[in-house]
1. Can you compute the helix-only [θ] at 222 nm over the chain? Use -39500 (n - 2.57) per DSSP H run of at least 4 residues, normalise by all residues, nearest 500 deg cm²/dmol.
2. Where a ≥ b ≥ c are the square roots of the eigenvalues of the C-alpha gyration tensor, would you call segment 70-128 rounded, which needs a/c under 1.5, or, failing that, prolate if a/b is larger than b/c, or oblate?
3. Sorted from largest down, what three extents in whole angstroms do the Cα atoms of the chain have along their principal axes?
4. Picking from 127, 32, 82, whose Cα lies most toward the positive end of the charge dipole for segment 17-164 (charges on Cβ: Lys, Arg +1; Asp, Glu -1)?
5. Once you keep just the Cα pairs under 8 angstrom separated by 6 or more residues, what percentage relative contact order results for segment 1-154?
6. Between segment 1-56 and segment 63-107, how many Å separate their Cα centres?
7. What distance in nm lies between label points placed 7 Å from Cα along the C-beta direction at residue 94 and residue 125?
8. Anyone know which of 97, 85, 15 comes out most mobile in the 10 Å Cα GNM of the chain?
Amino acid sequence: MTFQDLPDHARLWVHTADRDLTASEQEVLLEAIGQFLGGWSAHGAALTAAAEVLYDRVLVVGLDELRAGATGCSIDSLVAFVRAHGTQAGVDWFDRHQVLWRQAGESVWHATRTSEFWALRKAGVVNGLTEVVDPLAHTVGEARSDRGFLVSLFDESWHADMWS
């Protein structure tokens, strides 16, 4: 199964790297996580899952839980895989203090520490039409948008709620 084939109800995990991954690093990661997901199970039941790297630094893993659901142990094994990959590749997948954003019409994503992002918002560089990667989606369906996977306008994201 490919990530694009996952149904809207599929559960979603989102991890953002602390740096961009090169094309070859992404290829290695996708091959390794593909092998991991091919053997991923919960209490002996195979899990139907797929992964993708977006925007050169966002790892998304989706799981169709209607076929078999994740358990604490299976989720722990996914987290352990991601953590081990990060250690091996020199990537921190668990840094929650960064925001990926771009101005409408730009193709390049900017990664900014949260405090710097709010300073850019206060200075008017980030505005209501700024696109942000919103990693808080719980399902594949919640993450799909006409702007791109996990992409929202600032004014339509949780970022705006934090700014208010």
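1. Numbers: 5 runs with 53 residues, N = 164.
Result for the chain: -9500 deg cm²/dmol, rounded to the nearest 500.
2. Details: a/c = 2.71, a/b = 2.53, b/c = 1.07.
Prolate, because a/c is 1.5 or more and a/b exceeds b/c.
3. Sorted from largest, the Cα extents of the chain read 53, 32, 26 Å.
4. Towards the positive end, the residue furthest out is 127.
5. Numbers: 242 pairs, mean separation 40.3, N = 154.
With pairs under 8 Å counted, the relative contact order is 26 percent.
6. 8 Å
7. 3.0 nm
8. Answer for the Gaussian network model of the chain: 97.
We did not get these values from a lab; they are worked out from the coordinates using the rules stated. Note that the structure is predicted; figures quoted are calculated from it, not measured. Neighbour counts are summed over all protein chains in view; Cβ atoms, including those assigned to glycine, are modelled from backbone coordinates with ideal geometry.
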